[in-house]
Structure formats: C-alpha cells, structure tokens
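Each remark here refers to the structure printed beneath this line.
Read the figures in this text as sums done on the coordinates, not as results from a lab. Since the model is a prediction, treat every value here as computed from it, not as a measurement. Using ideal geometry, Cβ is built from the backbone for each residue, glycine included, and neighbour counts are taken over all protein chains shown.
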There are 2 protein chains.
Amino acid sequence: MTSRDDLGQMPGHLIRKLNQRSTAVFTERMKSAPVELTSVQYAALDVLAREPGIDQARLASLIAYDRATIGEVVKRLEKKGLVARQVNEEDRRARTLRLTGEGEVALARVAPIVAALQAEILANLTQAEQAQFLALARKAVGA
Amino acid sequence: MTSRDDLGQMPGHLIRKLNQRSTAVFTERMKSAPVELTSVQYAALDVLAREPGIDQARLASLIAYDRATIGEVVKRLEKKGLVARQVNEEDRRARTLRLTGEGEVALARVAPIVAALQAEILANLTQAEQAQFLALARKAVGA
DNA sequence: AAAATATGATACGTATACTTACCATATTGA
DNA sequence: TCAATATGGTAAGTATACGTATCATATTTT
C-alpha cells in the first residue's frame, strides 16, 4: 500500500477540529447566558446593531454566508422576537432588518460572554502564540 | 453605544471563515475527481483503509465526530457502495466496517487530489507561515 | 443469576451551510 | 420603451453536526 499523508496533519482536518472546538466552547458558555444564541445568530445581531436597516443579502455578505442560510437564521431570530423584518419601499424585493428592543437587550447581555469565551478557544496557546495564530489566520482568509 | 470587540477579529469568527474556505476548496477540487466525496466521507474512507474492521463508534472517535453524524455518513458511503457494514458476531450491538473493492479504488484515486488541495487552503501564506500556522493549530487542538 | 450500568446504533429534533431553481422586482441597453 | 439582465428572497434538496432519547446487547456489581 502506498502510504498516504497523515489525515491528522492535513490543514483541512486541523481547521475542522479547530472549528469544532470553537463551536463547542461557544455552545457551552452560552448555556449559562440569559439568551441562548448560536454563533451565527450572534454574528447577525452584532452586525445589525452596527448597521441597522441593511437587507439580508448585505447581512449575508458582511458575515460571509450565502443568502439561503441567512434567510433561515433571520427567520429564527424573528421568531425569537430579536429582529424585525420589513419590506423596503425603495426596493420591494428587499427586506430591511432591524434589532427589536428585545434584540438590543439580548445583544448587550450576551456580548461580554462572547468576548470572554474567545480566549478559551485558543486556551492551549500562550498569549504570544495566540496573537501569532490570529495574525496568520487573518492573512490566510485574506483580511 | 458601548463599543463591542470587532467581530471580524474574534478567533471564533476567523476560524469559521478558515473552515469555510477549507471546505470550499475541497468541494471545488473534488468536482473534477473520479468520485465525488465530501471531506468527512474522505476522512472516513482514509481511516477505514488503515484500520479495517473497526465499528462506527471507534470510527467516530478517531476522526472526532459524534456517533449520530458518523452513522449518517456511513449510511451514504454504504449506499455509494464504498463501504460494507456487517454485524459483529462478537458484539452484536456493533457493526463492523470495511472498504469494498470499489471503496479502495475510490480512495486511491482521490487521495492525491486531497493531498494536493491542502496547500491551496493556506495559499495566502508563505511556506514558512504555513508551517508555523499548522504547528500552532496542532497545539491549539491539543495534538 | 438478577439487577444495575455501560455501550453501539438509531431515531428525532434543531441549526447550520451550500447549490440550484424560481419568482418578483430593478436596472440596463438596444 | 421594451427586452435582456441582474439582484433579493424563498423553496427544495443534500450533507453535515450535535443533543437527547431509546433500544439492543454487554459487562459489572451485588
């Protein structure tokens, strides 16, 4: 048998495990939060707080998701009462998005938890290594 | 408004985008492959080639997934005729897994493509940076 | 050996993620 | 202005991913 590269050393595999760890930490810490949100839902609320009135396509592009996925995410946020959707009268294809009062409160309460949990994702690295890792990750994704 | 940390700089967000890039590259390169596989499906075949006869729980633990997900993945691989499942007579709860002849061929054909695409995931980094990134990623996931 | 516990697999439910196709509405160009 | 094209949103289909519950079978404990 020709010896194949070790799966566990491949970038794709390592990155997947890293992402797995990241979402596991997020979910775990969110359990004790006043409002339970997934990481995508948090990202959506965060962007809407900064840029109220954008539509779904713009939201999707800002957090790097496709339209279909964001449509589902927004639907769930609307159901939870955190986001309001409204037909844009200037372009009747688009739906304007906005945080509700409840959405603002939820975001304010959850934001510190999310900020705090970030370090935990890379807890196996020293401070210097974390900084190094993040710089490389930013470059790798083209930021 | 209290200024929140920038979402785009958070480890969780960067890691997700990295993973997104990784799966996008995988899917793209796989389109021209003789057999179309997802990255999980490839990982499963790779492990089964190395350790034929293991059961689903062991497979799941080796590639760091939960049993439920691997059950679905294996079901699809079986449907494609790449993996054979058999009740383990020593422990009738378990299903022994094995590559079929077709599975062996598929893996052999796809392996070089997968190996080649790995570098592309980190194409924005220099060779030295790639090595550095991988070392940090390995440490971060605890490998 | 019977009871308690553990483990492999599956079923079900929820939430991503992305592709393709389609409809409605805008914009562009001939 | 009318046809061609582009764009926002949704629907449907596929494939992860994981938690929880349940069933079948093993193992351990009493």
- Item | Semi-axis lengths (Å, descending) of the ellipsoid that matches the C-alpha gyration tensor of the protein assembly as shown | 37, 22, 19
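I need the shape label for the stretch A:8-75. Rule: rounded when a/c is under 1.5, else prolate if a/b > b/c, else oblate, with a, b, c from the alpha carbon gyration tensor.
Working: a/c = 2.72, a/b = 1.41, b/c = 1.94.
Cα axes put the stretch A:8-75 in the oblate bin.
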- Calculated Rg and Dmax of the stretch B:71-124 using C-alpha coordinates, Å: 15.3, 51
- Note on the structure: Across A:18-27, the residue-averaged tally of Cβ atoms belonging to other chains within 10 Å stands at 5
- Calculate the mean, over all residues of peptide A:125-136, of how many other protein chain Cβ atoms lie within 10 angstrom of the residue's Cβ. 4
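Average partner chain C-beta neighbours within 10 Å, per residue of A:61-67? Please report the intermediate quantities before stating the final value.
On the way: counts 0, 2, 5, 6, 2, 0, 0.
Average per residue, whole number: 2.
For the stretch B:9-141, just say rounded, prolate or oblate: build the C-alpha gyration tensor, square-root its eigenvalues into a ≥ b ≥ c, call rounded for a/c under 1.5, and beyond that prolate if a/b exceeds b/c, oblate if not.
Numbers: a/c = 2.38, a/b = 1.66, b/c = 1.43.
It is prolate, given that a/c is not under 1.5 and a/b is the larger ratio.
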- Query: If you keep only loop residues by DSSP, which trypsin sites (Lys or Arg not before Pro) in the stretch A:78-138 have at most 14 other Cβ atoms within 10 Å of their Cβ?
  - Reply: A:Arg92, A:Arg93
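Run the count for chain A, please: Lys pairs, Cα-Cα under 23 angstrom, 8 or more apart or on different chains. Before the final figure, lay out each step's value.
Numbers: A:Lys17/A:Lys31; A:Lys17/A:Lys139; A:Lys31/A:Lys75; A:Lys31/A:Lys79; A:Lys31/A:Lys80.
Lysine pairs, 8 or more places apart or on different chains, close enough: 5.
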- Task: Using only Cα atoms, locate the centre of the stretch A:44-108 and the centre of the stretch B:105-123, then give the distance between them in Å, rounded to an integer.
- Result: 38 Å
- Item | Span-rule helices in chain A, defined as complete DSSP H runs reaching 24 Å or more along the axis (Cα) with Kyte mean at least -1.0 | A:11-30, A:101-121
